[in-house]
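Please find one structure pasted underneath; my questions will follow.
The values are calculated or read from the model by the stated rules, or taken from the named source; none is laboratory data. Quantities reported herein were computed from a predicted structural model and do not represent experimental measurements. With ideal geometry, Cβ positions are generated from the backbone for all residues, glycine too; neighbour counts draw on all protein chains shown. Surface accessibility is based on the protein's heavy atoms, side chains included, excluding ligands, DNA and RNA. Shrake-Rupley method; radii C 1.70, N 1.55, O 1.52, S 1.80 Å.
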Amino acid sequence: MTPMNSPINLVEALDEATCGGKAVQLGAAIRASLPVPPGFVLPASLVNAITAQDSTAIDLALQAFAQLESAVAVRSSAVGEDSSQASFAGQHLTCLNIRSQTGLVEAVKQVWRSGQSAAAQAYRQRLGITQAPEVAVVVQQFIPAVQSGVLFTRNPMNGNDERVIEASWGLGEAIVSGLVTPDRYRLDRQGQVLEQTAGMKDIAIQPSAEGQTHEVAVAADQVRALCLEEWHLEQLNHLAAQCEQHFPPPLDIEWCFAGSTLYLLQCRAVTRISISPA
């Protein structure tokens, strides 16, 4: 196989046609010294070979997986995904806390299949994307998050120049899946809290010891308690400012905390935003 058909360290992910939009943005964030978990991308051609049971392709992916020496998160990075015109958020499968070689190969296949689904195809048609889906796959160190969420660098509802944060306990899939009503915070650009509203967070998604994830009940005293403290908000506001230095705002940022460490999981353009009339 040529180098283009081998796994590529995320820091070297430069070509969207090979690595997909998500991997290229993550690579740019790593090169900007933003706190992105380490990982690699399987180019679309390599993913196609893995799904076709090519033993050489599978071996290359497993060698890169072994070098990470950790459980991993496996996500799509389709060509054209998370561009300034389109966000494929929620269209493609994400597999978390993958611990075994067989688990990795199956996760890659599942992510590839999700890119071929009727829903994903219909979404591409609505965006006017006519070419066949090409799905690269990002494999990153899995972070067992205590709190997770999203941050918008501009209010997506009215266009106001303020940060909007949604947060919940555990992994962010509880928010993505609509299992909880997350806490909501509004900050000005200096980080001052304008509003904070506790959600209803009775379920958390946590990693399972044997791999993948499961739902757990949240302790009664945490269900309606704000999950972020002032220092969390300070770090998130700082991360938002850092991201805006390297990517054109407004931005949709996925993040998580593991202990006191903040991680950037994704940084993409906001593709639709409401603007209040003057």
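Do we find that residue 196 is in contact (Cβ under 8 Å) with a residue 40 or more places away in the chain and part of a strand (DSSP E or B) in this structure?
No: the conditions fail for residue 196.
For residues that are open to solvent by less than 10 Å² (accessible area, probe 1.4 Å) and modelled with pLDDT under 95, tally how many sit in segment 1-10.
Residues flagged as open to solvent by less than 10 Å² (accessible area, probe 1.4 Å) and modelled with pLDDT under 95 within segment 1-10 amount to 0.
In addition: Tell me, which helices (runs of 4 or more DSSP H) lie completely within segment 85-191 with 2 or more residues that are of a type in the set (Val, Ile, Thr) and either at pLDDT 95 or above or in contact with a Pro (Cβ under 8 Å, 6 or more places away or on another chain) (or both)?
101-115
To continue, here is another question. Can you tell me which residue in segment 11-67 is nearest to residue 133 (Cα to Cα), limited to those that are open to solvent by 50 Å² or more (accessible area, probe 1.4 Å) and among the hydrophobic types (A, V, I, L, M, F, W, C)?
17
Every residue in segment 204-217 that is touching a Ser or Thr at 6+ places or on another chain (Cβ under 9 Å) and surrounded by 14 or more Cβ atoms within 10 Å (Cβ to Cβ), please.
204, 205, 206, 207, 211, listed by residue number.
For segment 149-173: of the residues being under 16 Å from residue 96 (Cβ atoms) and of a type in the set (Gly, Ala, Ser), which is surrounded by the fewest Cβ atoms within 10 Å (Cβ to Cβ)?
172
Let me ask something additional. Could you check segment 174-201 and list, in sequence order, the residues that are of a type in the set (Asp, Glu) and surrounded by 19 or more Cβ atoms within 10 Å (Cβ to Cβ)?
Selection gives 183 alone.
Right, here's the next one. With the requirement that a residue be free of Cβ contacts under 8 Å to residues at least 60 places away in the same chain and part of a loop (DSSP other than H, G, I, E, B), what does segment 223-249 give you?
Of all residues in segment 223-249, those free of Cβ contacts under 8 Å to residues at least 60 places away in the same chain come to 223-226, 229-231, 234-235, 238, 241.
Residues satisfying the conditions are 223, 224, 225, 226, 229.
Give the residue, chosen from 260, 276, that is farther than 16 Å from residue 151 by Cβ, open to solvent by 20 Å² or more (accessible area, probe 1.4 Å) and modelled with pLDDT under 95. Spell out the reasoning first.
Working: 260 fails: modelled with pLDDT under 95.
Answer to the check: 276.
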